[in-house]
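S.K.: Encoded as structure tokens, here's the structure I'll be asking about.
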Ligand code: HQG
């Protein structure tokens, strides 16, 4: 793994899950001062402002965002710590996709898609992203979500700054396994 990927993983871990590991506190919208992050990551991880900027710009999934004044950073989605990203409910496309592993299918078809440790269930508007997400846990299975029907039935959707669709729960009546997986 490259040095940049390692640091990106460290940032994901701290900014989404365990800020307290380095004595950092996220504000209620998930932001931290970059200067404080740099100070507290030391000596385990040596960060600089330009390194952080490079990771933010080059992150394949645009996982992080720097505030308009350039002073703060936050993760765009994927949190398990309690914060409010302040996203507004948004009308989803008719169909969204969720990538998972085949070994989870029985449970998903029984209980629906649940957020687990994270705040939301993560969905994408394209199959390729879903396949890549599913591959992280084993043989991928791609689920097609009837987002239009969910929306009509009153379920809310949110779109993160890096274009991940988020919702709280997908009950099994809206889930179809695609032939593509
Ligand atoms: C599964 C990565 C059993 C779910 C990705 C998934 C994404 C169930 C796993 C982002 C279940 C949770 C999120 C149920 C859901 N029974 N298994 N009832 N309901 N599951 O990692 O969506 O690279 O928390 O299918 O690319 O895989 O970190 O969620 O397999 O965008 O930026 O439980 O994380 O982004 O796994 O991934 P996760 P996810 P980053």
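Every read-out reported here was derived from the displayed coordinates using simple, explicitly stated rules and does not represent laboratory data. In this text the structure is predicted, and so the values were computed from the model without any measurement.
S.K.: Express in whole angstrom the spacing between the alpha-carbon centres of region 1-63 and region 66-105.
M.R.: Distance between centres, Cα-based: 17 Å.
S.K.: Now, a different point. What's the Kirkwood radius of the chain in Å, using all Cα pairs?
M.R.: Working: mean 1/r = 0.0575 Å⁻¹.
Taking every pair of different Cα atoms in the chain, averaging 1/r and inverting gives 17.4 Å.
S.K.: Using just the helices of the chain, give the 222 nm mean residue ellipticity in deg cm²/dmol: DSSP H runs with n ≥ 4 each add -39,500 (n - 2.57), and the total is spread over all residues, rounded to 500. If you can, show how the numbers build up before the last one.
M.R.: Values: 6 runs with 50 residues, N = 181.
Taken over the chain, the calculation gives -7500 deg cm²/dmol.
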